[in-house]
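Quick notes on the structure that follows.
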Amino acid sequence: MPQNCPKCGRPASSQLPFIEGFCQDCFFDKHPLIKLRHAPQATMCPRCDAYRVSGRWVQRGDTSIDEYLFNMVCDLLDPLFAPKMPATYEVHILHEQEQPATRLKQLRVKVIADAEQFTFQQEDIITVPVTSILCEQCKRTSGGYFEAILQIRASTGKLSSYQEEAVLSFIDERLTASAQSQPPLKITPTRGGIDIKFLSSRLCRSLAKALAAKFGLLVGVSSKVTGRTRTGKTQSRENFVVRFPPFQVGDVIAHEDQLYQITGIHNGRYALIDIESNQRRVFSPKELVGIDWELLNDRIHEFMIISVARDSFQLMSQHDYTIYDLPHPPFPIAVGNTLSAVKWNDRLCILPPDET
């Protein structure tokens, strides 16, 4: 005897399988795929567009506003769906982007649900109210609160424009790559370099270590007690000082009758090449500062190759036109090329060509 739906009387068939004794339409009418546990409510920060979900604030970062709002709606609705049968959902935001996200009062969302095991689809329009509340970061920022300062300094004098641009660019790239990272609260040029305030001491410490590894900087840390919380916990403010050593990549330095050129930085350590023996050495920033080095950049001059033999060649100084006869260097040369060299301890030392 054929089975009929007890609600609508429709008979069962191979194209219309029954679910728990009811046809699909009647079953999903009683157990809809789009049914929320409770009414959704979005909370957004009116200053930075951050939204709150599951007790935490999600920062927008560089995400486009359309993608950002879509992510917010999905984060809010996903835990609210409670279908009796497994289903997949499509979410489409129905709004016009004529006003900033922080001025939104509500979002209209079209949801399309498909039952995974049955040929049934349901569509509905859901309205998500939006409430504006300052996020924790903006609350602290508005009150002038910060946990750490990153001070970028040179060993002597001011930072060069190259050092300043390189450091700020590296910090920006590092923060952009991490969607959860909070931006600096304030960047202040000072007489000795740059001061950057951060809301998070952990983030500031991480950036200080990353800068040291990238540029071979010296890192110093100090801490100052600023008060106590309501629970009696001590509050402190950390100060991270990252300092460029007196030597940089490309510098020529002398030590104990040996002449070196700094060729690069690898894992926070400086790579040096012995100009005369072509041997390579590695020093930490502290070792460079702790050794009695002599900087010889002011003695670097340009020389033109005027003749080349099998075992020797001739150079002419572009500075005073003096001609020098030297053994053939351990790298290819040709007449007309120019080389850099240092006149030091009554001898002329050829600098290796730039590998880059």
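Would it be correct to say that Arg140 is modelled with pLDDT under 75 and either surrounded by 15 or more Cβ atoms within 10 Å (Cβ to Cβ) or not assigned by TED's automatic domain parsing to the domain that holds Cys204 (or both)?
Yes; evaluated as a whole, the condition is true for this residue.
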*asked:* Suppose the filter is more than 30 Å from Lys139 (Cα to Cα), surrounded by 14 or more Cβ atoms within 10 Å (Cβ to Cβ) and of a type outside the set (Val, Ile, Thr); does Gln24 pass it?
replied: yes
*Identify, by number, the condition in (1) at pLDDT below 85; (2) of a type outside the set (Phe, Trp, Tyr); (3) out of contact with any His (no Cβ under 8 Å at 6 or more places or on another chain) that Arg280 doesn't meet.*
(1)
*Hey, can you tell me all the residues within the range 85-119 that are at pLDDT below 85, over 33 Å from the mean Cα position of the chain (by Cα) and surrounded by 15 or more Cβ atoms within 10 Å (Cβ to Cβ)?*
Phe118
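For the range 1-98, which fully contained strands (runs of 3 or more DSSP E) count at least 1 residues that are touching a residue at least 12 places away in the same chain (Cβ under 8 Å) and more than 26 Å from Leu175 (Cβ to Cβ)? Walk me through how you get there before you give the answer.
Values: elements: 42-44, 51-53, 56-58, 87-93.
It comes to 87-93.
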*Among what's in the range 312-337 and is without any contact (Cβ under 8 Å) to a residue 24 or more places away in the chain and aliphatic (A, V, I, L, M), pick the residue that is surrounded by the most Cβ atoms within 10 Å (Cβ to Cβ).*
Met316
*Residues within the range 109-168 that are aliphatic (A, V, I, L, M) and assigned to a helix (DSSP H, G or I), tallied*: 3
*Scan the range 277-296 residue by residue and report those that are closer than 18 Å to Leu351 by Cβ and out of contact with any strand residue (DSSP E or B) (no Cβ under 6 Å at 6 or more places or on another chain).*
Ser277, Asn278, Gln279
*Only one residue in Leu36, Leu80, Leu76 is modelled with pLDDT of 85 or more, farther than 23 Å from Gln137 by Cβ and under 37 Å from the mean Cα position of the chain (by Cα), so which one is that?*
Leu80
*Name the pairs whose Cβ atoms lie under 8 Å apart, with the first residue in the range 250-272 and more than 22 Å from Leu207 (Cβ to Cβ), the second part of a loop (DSSP other than H, G, I, E, B) and aromatic (Phe, Trp, Tyr), and 6 or more positions between them or separate chains?*
Ile253/Phe247; Ile253/Trp293; Ala254/Trp293; His255/Trp293; Ile262/Phe247
*asked:* Please go through (1) under 21 Å from Leu259 (Cβ atoms); (2) surrounded by 13 or more Cβ atoms within 10 Å (Cβ to Cβ) for Val308 and return the number of the only condition it doesn't satisfy.
replied: (1)
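The values are calculated or read from the model by the stated rules, or taken from the named source; none is laboratory data. Remember, it's a predicted structure, so these values are computed and weren't measured experimentally. Positions of Cβ are generated from backbone atoms using ideal geometry, with glycine treated the same way; all protein chains shown enter the neighbour counts.
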